[in-house]
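This report concerns only the one structure given below.
No value in this document is a laboratory result; all are computed from the given coordinates. Computed from a predicted structure; not experimentally measured. Cβ placement follows ideal geometry from the backbone for every residue including glycine, while neighbour counts extend to all protein chains displayed.
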Amino acid sequence: MKRTVFAATAAAVLALALSGAQAADADAPAKAKPSRADFFERVDLNHDGTISKEELVVYRHRRFTEIDSNGDGKITREEFMAYSARPKPASASSSDARKAKFFDRLDANKDGAISGEEWDQVAEKQFAALDADHDGKVTKEEIAQARERFHHRKSGSAPAKPGDSQSN
């Protein structure tokens, strides 16, 4: 059960990261909307075809800075909702209720703000969930597999991951 909740949270974080990456370029003149492949290329800083934990942390720190509009080192619900409302492709949109629920999951200590530490903890969990073969690198294929697992879980027809059991 813990793995299912954890994987769903990691996939949701990935979805937010993807939509944030798409939103970041929404105002760029005469530039096509970024695709999921563009997200991968942005995070893969050394362009070796994989994402290391360090590269994901750098990417997520940039996102944290963008969302923390007043620069006080924490993301309030208002900042989170404002950032999430930025224009993005229809496929990346979600309801305000879903965004608020997602914020609540990120705010681990329930103090009404997401600290840098809470944000970094999610990055650690996200990387662990995405790195299916535990080799310290995330590939495009692993991201596609995680996305597929997430969509199956949302529809209620999740295929079991190897090693998963009902007691986890």
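For M81 and Q121, what is the calculated FRET efficiency with R₀ set at 25 Å and r taken between the beta-carbons, to the nearest 0.05?
Values: r = 21 Å, r/R0 = 0.85.
The computed FRET efficiency comes out at 0.75.
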Fill in the blank from the handout: Sorted by chain and number, the residues with a modelled amide H under 5 Å from that of I114, at a separation of 5 or more or across chains, are I75, T76
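Taking neighbour counts of Cβ atoms within 10 Å as a proxy for exposure, in what order, fewest first, do E142, E124 appear? If you can, show how the numbers build up before the last one.
Details: E142 18, E124 13.
Lowest count first: E124, E142.
Can you sort K74, K125 so the residue with the fewest Cβ neighbours within 10 Å comes first? Walk me through the numbers on the way to the answer.
On the way: K74 20, K125 15.
Ordered by Cβ neighbours within 10 Å, fewest first: K125, K74.
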Fill in the blank from the handout: In nanometres, the difference between 0.36 nm per residue of separation and the alpha-carbon distance of V58 and D133 is 24.8 nm
Exercise for the section: Take I67, I75 and order them by how many other Cβ atoms sit within 10 Å, fewest up front. Expected result: I67, I75
Practice task
Rounded to the nearest 0.05, what FRET efficiency do A144 and D38 give with R0 = 22 Å and r taken as the Cβ-Cβ distance? Could you check?
Solution key: 0.90
Practice task
Could you list, in their original order, any pairs among K101/K125; K99/K125; K53/K101; K110/K137; K110/K140; K74/K140 whose Cα atoms are separated by more than 22 Å?
Solution key: K53/K101; K110/K137; K110/K140; K74/K140
